[in-house]
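Novice: Here it is: the structure, laid out below.
The values are calculated or read from the model by the stated rules, or taken from the named source; none is laboratory data. Since we're looking at a predicted model, the values are computed, not measured. Cβ placement follows ideal geometry from the backbone for every residue including glycine, while neighbour counts extend to all protein chains displayed. Surface areas here come from the heavy atoms of the whole protein model, side chains and all, with no ligands, DNA or RNA. Shrake-Rupley method; radii C 1.70, N 1.55, O 1.52, S 1.80 Å.
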Number of protein chains: 2
Amino acid sequence: MVAKSELKLIRSLHQKKYRTREGLFLAEGVKLVGELLGAGMEAYSLYSTDPGEFPGAREISENDLKKASALVQPNKVIGVFRIPDPVSLSLDGWALALDGVRDPGNLGTIIRLCDWFGIPELLCSPDTVDCYNPKVLQATMGSVARVRIAYQPLPETLDACGLPVYGASMDGSPVGSGTAVQPGILVMGSESHGLSGAVRDRLSQTWAIPAYGQAESLNVATATAILLYEIRRQAGPVTQK
Amino acid sequence: MVAKSELKLIRSLHQKKYRTREGLFLAEGVKLVGELLGAGMEAYSLYSTDPGEFPGAREISENDLKKASALVQPNKVIGVFRIPDPVSLSLDGWALALDGVRDPGNLGTIIRLCDWFGIPELLCSPDTVDCYNPKVLQATMGSVARVRIAYQPLPETLDACGLPVYGASMDGSPVGSGTAVQPGILVMGSESHGLSGAVRDRLSQTWAIPAYGQAESLNVATATAILLYEIRRQAGPVTQK
């Protein structure tokens, strides 16, 4: 039996202001909760409809799970975790930066891409969607536990790091044309406005993905996928997982 | 004033069985409806909260638009269109095939990618999500009007076309290693099961996207983005839109 006050706390964590106030976030599903625990993240409380599966989980009824969940189809387990202390990024090799990405699904997919392509650090502008948003976490498939993420103003951070800054933009030069590329920070713009003026002023190079048809644009997550693939392709011999 | 029976018809088109029965589908938003009309698709009825914007549109109240819409935030215009007659694919150059892709957002993003990379034909297995699903249409950003899409059993169609068949799979050879590639059909598998056995039996080559980190998999839409980019990159000189 889960108390009403607990359910209320869990539900409040669907919203950023309560996550910030409580210093807690919500993760759902066997896979995601398992990945976070496996990565050493600190669970505040765990609930499962089948508590035998998760050491330390308390039983929750299907009905209460539905009430607590941010998902259309809740999946057995719900965990309340402590938001880790802010990390400080080292920014001493390839990193990705996001300039105002607002869609939770896009951010989650991008975190998963960083994990796939071995990009250890993700710098987010303060107006980028919160990485502890339940929809972001769901889309990361657990990769959120393996990528260091920090929210900092981009202009100052880019100035301080001393690395080349590469921007993705429709008006850039086509990637993949064989230019040797030094490690740096790739910045992707927001879904509706692209890169901000302050970031554009700091670009060493601007890259475009060549188009062969009539679509006006690419989704920011698919564009990120292509550019991270291309960076890794140019950087050296292809190795397999 | 929109009659209750009309609202009921529109709402019924959120579901595939009524789309099939009526031969109609729903498109929402100024951009999508405009793109479909621009591509010559036949409107059955158009509604707008600001009918001056759309010739032939009837006025609909904000309240009725909310009732009719499949979106969380309805966007001024809603159109009922006739489902075009099934197209027959020529399959005489690069084409994409989907083997049981179920997520509407993924299919919509993939249709947009075909449009971007100039892949004119998309072959879908019968168990792939319906391309006239409102969430698919929304994610296509209008590209659905520029890509020929057909639902046909993959094994027979692949056998009949006489082209090489390439499959994406984690256990394939790394793409981008410089193999010259003949035009053919790239098949992407479902989110949960990958490629079906009947498709695997027909593959000329199996491609994997090299991994550099610890993520277990890539989303099917981001994987498609990378492979279509790679096909175009290998096929010839980089040209810009």
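Novice: With the Cα gyration tensor of the range B:1-74 giving a ≥ b ≥ c as the square roots of its eigenvalues, does the rule (a/c under 1.5 for rounded; else a/b larger than b/c for prolate; else oblate) give rounded, prolate or oblate?
Specialist: Judged from the Cα gyration tensor, the range B:1-74 comes out oblate (a/c at least 1.5, b/c at or above a/b).
Novice: Check each residue of the range A:198-224 and keep those whose accessible area, probe 1.4 Å, is at least 20 Å² smaller with all protein chains in place than in the chain alone; give them in order of residue number.
Specialist: A:209, A:210, A:211, A:212, A:213, A:214, A:215, A:216, A:217, A:218, A:219, A:222
Novice: If you don't mind, another one. Applying 1/(1 + (r/R0)^6) with R0 = 30 Å to the Cβ-Cβ distance of residue B:127 and residue B:5, what FRET efficiency is obtained, to the nearest 0.05?
Specialist: Between residue B:127 and residue B:5 the formula returns 0.35.
Novice: Identify the residues of the range A:1-36 with backbone N under 14 Å of a label point that sits 7 angstrom from the Cα of residue A:82 along the Cα-to-Cβ direction, or state none.
Specialist: Under cut-off, by backbone N: A:22-25.
Novice: What distance in nm lies between label points placed 7 Å from Cα along the C-beta direction at residue B:170 and residue B:42?
Specialist: Going by the 7 Å Cα→Cβ label model, 4.7 nm.
Novice: Oh, and also: Exceeding 18 Å between C-alpha atoms, which entries from my cross-link table qualify? They are B:16/B:66; A:76/B:16; B:4/B:66; A:8/A:31.
Specialist: B:16/B:66; A:76/B:16; A:8/A:31, as the Cα separations exceed 18 Å there.
Novice: Which percent, nearest 5, of DSSP beta bridges in the range B:4-82 are antiparallel?
Specialist: Roughly 85 percent of the DSSP beta bridges within the range B:4-82 come out antiparallel.
Novice: Using a 1.4 Å probe on the protein chains only, how many percent of the accessible area of the protein assembly as shown belongs to carbon and sulfur? Each step should come with its number before you reach the end.
Specialist: On the way: 10580 of 21320 Å².
With neighbouring chains kept in place, the figure for the protein assembly as shown is 50 percent.
Novice: Report the antiparallel proportion of the DSSP beta bridges in chain A as a percent, rounded to a multiple of 5.
Specialist: Here the antiparallel bridges make up roughly 35 percent for chain A.
Novice: Moving on. Suppose you put the label 7 Å out from Cα in the Cβ direction; list, shortest first and in nm with one decimal, how far residue B:191 is from each other copy's label.
Specialist: Computed spacing set for this position: 1.6 nm.
Novice: Give the angle, between 0 and 90 degrees and rounded to the nearest 10, that separates the Cα long axis of helix B:220-235 from the longest principal axis of the Cα atoms of chain B.
Specialist: Here the helix axis deviates by roughly 60 degrees.
Novice: If you take every DSSP beta bridge whose two residues both sit in the protein assembly as shown, what share of them, in percent to the nearest 5, is antiparallel?
Specialist: Given both bridge residues lie in the protein assembly as shown, the antiparallel proportion sits at roughly 35 percent.
Novice: With the Cα gyration tensor of the range B:21-63 giving a ≥ b ≥ c as the square roots of its eigenvalues, does the rule (a/c under 1.5 for rounded; else a/b larger than b/c for prolate; else oblate) give rounded, prolate or oblate?
Specialist: Values: a/c = 1.87, a/b = 1.28, b/c = 1.46.
Judged from the Cα gyration tensor, the range B:21-63 comes out oblate (a/c at least 1.5, b/c at or above a/b).
Novice: Sorted from shortest, what are the nm distances separating the label point of residue A:23 from equivalent points in the other copies, each placed 7 Å from Cα along Cα to C-beta?
Specialist: 6.5
Novice: At residue A:82, label 7 Å along Cα→Cβ: distances to the other copies, nm, ascending?
Specialist: Distances to the matching label points in the other copies: 6.5 nm.
Novice: Kindly compute the accessible surface that chains A and B hide from a 1.4 Å probe when together, both sides summed, and give it to the nearest 100 Å². All intermediate terms of the calculation are to be shown ahead of the outcome.
Specialist: On the way: alone 12680 and 12690 Å², together 21320 Å².
For A against B, buried area totals roughly 4000 Å².
Novice: Per residue, how much accessible surface does the range A:23-111 expose to a 1.4 Å probe? Answer in Å², no decimals.
Specialist: Each residue of the range A:23-111 exposes 44 Å² on average to a 1.4 Å probe.
Novice: By the gyration tensor of its Cα atoms, with a ≥ b ≥ c the square roots of the eigenvalues, what is the shape of the range A:163-218: rounded for a/c under 1.5, prolate for a/b over b/c, or oblate?
Specialist: It is oblate, given that a/c is not under 1.5 and a/b is not larger than b/c.
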